[in-house]
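> Quick one: the structure is below, questions incoming.
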Number of protein chains: 2
Amino acid sequence: MSRWEPRARERLVRAAAELFDEHGYDSTTVVQIAQRAGLTKSTFFRHFPDKREVLFAGQDVLCELLASGIDAAPDEATPLTAVAAGLEAAAGNFTPELRAIGPVLRAVVENNSDLREREALKHHSFADAMALALRRRGIAEPAAGLAAWLGVLAFTDAYACWVDPSCDQELTALLRLKLGELRAAISSLD
Amino acid sequence: MSRWEPRARERLVRAAAELFDEHGYDSTTVVQIAQRAGLTKSTFFRHFPDKREVLFAGQDVLCELLASGIDAAPDEATPLTAVAAGLEAAAGNFTPELRAIGPVLRAVVENNSDLREREALKHHSFADAMALALRRRGIAEPAAGLAAWLGVLAFTDAYACWVDPSCDQELTALLRLKLGELRAAISSLD
DNA sequence: ATAGGCGATGGGACTTGGTCCCATCACTGT
DNA sequence: ACAGTGATGGGACCAAGTCCCATCGCCTAT
């Protein structure tokens, strides 16, 4: 039995990803996920607060990385420069393995409204974390919130490119590129 | 019996708002909501896709208003001017009655993570609708998406002020004000 | 080595959100 | 009076999520 083998959490994530890919998110049961991981429903909910979260596991770390990256930016950094520092810090969390399963994850999330909803909440969390860090630097609203959402837009754009197999650039380069494009687009708004 | 009385949907919304205010969202059951409205669980789910939606009923109309407002903006309008037109069009959907129960709704939503999640999804919907309408005007990405999120930020800011009893300004005025503040903040970003 | 202490797990009862299907009721036009 | 239509009631059913307790394996102190 695999009951007492280590890395239970990781086994649950892998089992969930496999089953979601095979039968879809809706047609997969938490009990099935736990069974494939050699565990039970009880243990699943001890590791994840709900079924959706198994696909977004570890994204709370991103908030901390974003904030610490902004905190660590030099004092003379402009808001957007600080945001760029936060994004760069967060980029370290994205492994090549994550890049490999990226297309599968995207397909699963895009085909389920519950998962898109959770994704939207995560984006808000990113924005909130960055805005808070920016305010710690003395940047007032609404500039802090605006810069933070610019960061989220750059991040989502860059991530979408990064997981696309036809794009082999590094994530940090993509982040800088997308943030630059957004910065350039600002002047065309009005 | 009230079984065949009209406005079943409205009765369900009122019953839900009352019960959420009295006992909280989590401690209120769909069966209880239906009972207070003189209906049953079956009928509740015939009017709303899920329990959360009873608090966001009619927000899909906002997407259409935002889009049609942007579509109706003059050809020479800049992206932000078009967004302003969309926001102004959407403002017509906010009645004084909605303003009165605003603080209650805010408290209920802020105290429940499921509801904040749904709210985040609604904001994404607003942004998507506005970005799509802006692209119809020939505005390319990422400018369209950026302008759309500026609109969402202005909208949420303005709405928060509007429902605050200590602020008696009109929503359209607040929208113009917040959008102006955001526009001014842009130059301070970098 | 033995006895406990501790954290992780299994397992089952339970509540609730949500789906499905069918019978029933009221209204409408013929 | 009659049939058709749309909204409702009601019950069976499934899966998500909560709660509680027994159990298991490991670790440590004596």
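> At 222 nm, what value in deg cm²/dmol follows for chain A if DSSP H runs of at least 4 each add -39500 (n - 2.57) and the sum is divided by all its residues, to the nearest 500? Write down the numbers at each step before the final one.
Details: 10 runs with 131 residues, N = 190.
So the calculated ellipticity at 222 nm is -22000 deg cm²/dmol.
> Am I reading the B/A interface right? What is its buried accessible area, both sides, 1.4 Å probe, to the nearest 100 Å²? Kindly include the intermediate steps, with their values, before the conclusion.
Details: alone 10740 and 10730 Å², together 18850 Å².
Summed over both sides, the interface buries about 2600 Å².
> Count charges around residue B:18 for me, please; just the other residues with Cβ under 13 Å from its Cβ, Lys/Arg as +1, Asp/Glu as -1. Please list the in-between numbers first.
On the way: positive: B:11, B:14, B:36; negative: B:10, B:21, B:22.
Charge balance in the 13 Å sphere: 0.
> Right, another one. Each residue of the range A:108-121 in order: what ³J(HN,Hα) in whole Hz does its phi give by Karplus 6.51 cos²θ - 1.76 cosθ + 1.60, θ = phi - 60°, with x for Gly and Pro?
4, 5, 5, 8, 9, 5, 4, 6, 4, 5, 4, 4, 4, 5
> Using each residue's phi in the range A:163-170, evaluate 6.51 cos²θ - 1.76 cosθ + 1.60 at θ = phi - 60° and report the 3J(HN,Hα) Karplus result to the nearest Hz, with x for Gly and Pro.
7, 6, x, 7, 10, 10, 7, 6
> Let's see if you can work this out: charge +1 on each Lys and Arg Cβ, -1 on each Asp and Glu Cβ, no other charges. What is the dipole magnitude of chain B about its Cα centre, in debye to the nearest 20? Could you put the intermediate results ahead of the total?
On the way: 21 positive and 27 negative charges, 132 e Å.
Roughly 640 debye, rounded to the nearest 20.
> How tilted is helix B:59-71 with respect to the longest principal axis of chain B? Cα atoms for both, answer in degrees (0 to 90, nearest 10).
Taking the Cα atoms of chain B, the angle to B:59-71 is about 20 degrees.
> I'd like the carbon and sulfur percentage of the solvent accessible area for the range A:112-190, probe radius 1.4 Å, heavy atoms only, ligands and nucleic acids excluded.
Numbers: 1670 of 3240 Å².
Carbon-and-sulfur percentage of accessible area, whole number: 51.
> With all protein chains present, calculate the accessible area of residue A:149 using a 1.4 Å probe and round the result to the nearest 10 Å².
So the heavy atoms of residue A:149 present about 20 Å² to solvent.
> A further question follows. Just the number please: accessible area per residue for the range B:82-130, 1.4 Å probe, all protein chains included, in Å².
Details: 2040 Å² over 49 residues.
Solvent-accessible surface per residue comes out at 42 Å².
> Follow-up question, since we're still on this one. Once you order the gyration tensor axes a ≥ b ≥ c over the Cα atoms, which shape class does chain B get: rounded for a/c under 1.5, otherwise prolate or oblate by comparing a/b with b/c? Walk me through the numbers before you get to the answer.
Working: a/c = 2.34, a/b = 1.94, b/c = 1.20.
In terms of gyration-tensor shape, prolate.
> Right, next: Would you kindly derive the ³J(HN,Hα) couplings of the range B:135-141 from the backbone phi angles with the Karplus curve 6.51 cos²θ - 1.76 cosθ + 1.60 (θ = phi - 60°), listing them in order in whole Hz, with x for Gly and Pro?
Values per residue, Gly and Pro as x: 5, 4, 7, x, 7, 8, 6 Hz.
> Could you compute how much accessible surface residue B:128 exposes when probed at 1.4 Å, giving the result in Å² to the nearest 10?
So the heavy atoms of residue B:128 present about 100 Å² to solvent.
> Dipole magnitude of the protein assembly as shown about its Cα centre, charges +1 at Lys/Arg Cβ and -1 at Asp/Glu Cβ only, in debye to the nearest 20?
Working: 42 positive and 54 negative charges, 235 e Å.
Dipole magnitude for the protein assembly as shown comes out near 1120 debye.
> Also, quick follow-up: Before I look further, what does the range A:8-54 give for accessible area per residue, probe 1.4 Å, in whole square angstrom?
Details: 2520 Å² over 47 residues.
Using a 1.4 Å probe on heavy atoms only, each residue of the range A:8-54 averages 54 Å².
> Excluding residues fewer than 8 places away in the same chain, name every one of the lysines whose C-alpha is closer than 22 Å to that of residue B:178.
B:122
> Work from the charge dipole of chain B (Cβ charges, +1 for Lys and Arg, -1 for Asp and Glu, about the Cα centre) and give the residue of B:42, B:185, B:61 farthest towards its positive end.
B:42
> Any idea what Rg and Dmax come out to for the range A:12-63 if you just take the C-alpha atoms, in Å?
Cα-based Rg and Dmax for the range A:12-63 come out at 10.7, 32 Å.
> Taking square-rooted eigenvalues a ≥ b ≥ c of the alpha carbon gyration tensor, is the protein assembly as shown rounded, prolate or oblate, where a/c under 1.5 means rounded and, failing that, a/b exceeding b/c means prolate?
Details: a/c = 1.77, a/b = 1.01, b/c = 1.76.
Since a/c reaches 1.5 but b/c is at least a/b, the shape of the protein assembly as shown is classed as oblate.
> With a 10 Å radius around each residue's Cβ, average the other Cβ atoms per peptide and rank A:86-95, B:89-98, highest first. Write out the running numbers ahead of the final one.
Working: A:86-95: 19.8, B:89-98: 15.1.
In descending order of packing, they fall as A:86-95, B:89-98.
> Hey, can you list the residues from the range B:111-138 whose accessible area shrinks by 50 Å² or more with all protein chains present, relative to the chain by itself (probe 1.4 Å, no ligands or nucleic acids)?
The answer is B:117, B:121, B:124.
The values are calculated or read from the model by the stated rules, or taken from the named source; none is laboratory data. Please read all numbers here as calculations on a predicted model, not as lab measurements. Note: ideal-geometry Cβ built from the backbone for every residue, glycine included; neighbour counts use all protein chains shown. Note: areas computed on protein heavy atoms with side chains; ligands, DNA, RNA excluded. Shrake-Rupley method; radii C 1.70, N 1.55, O 1.52, S 1.80 Å.
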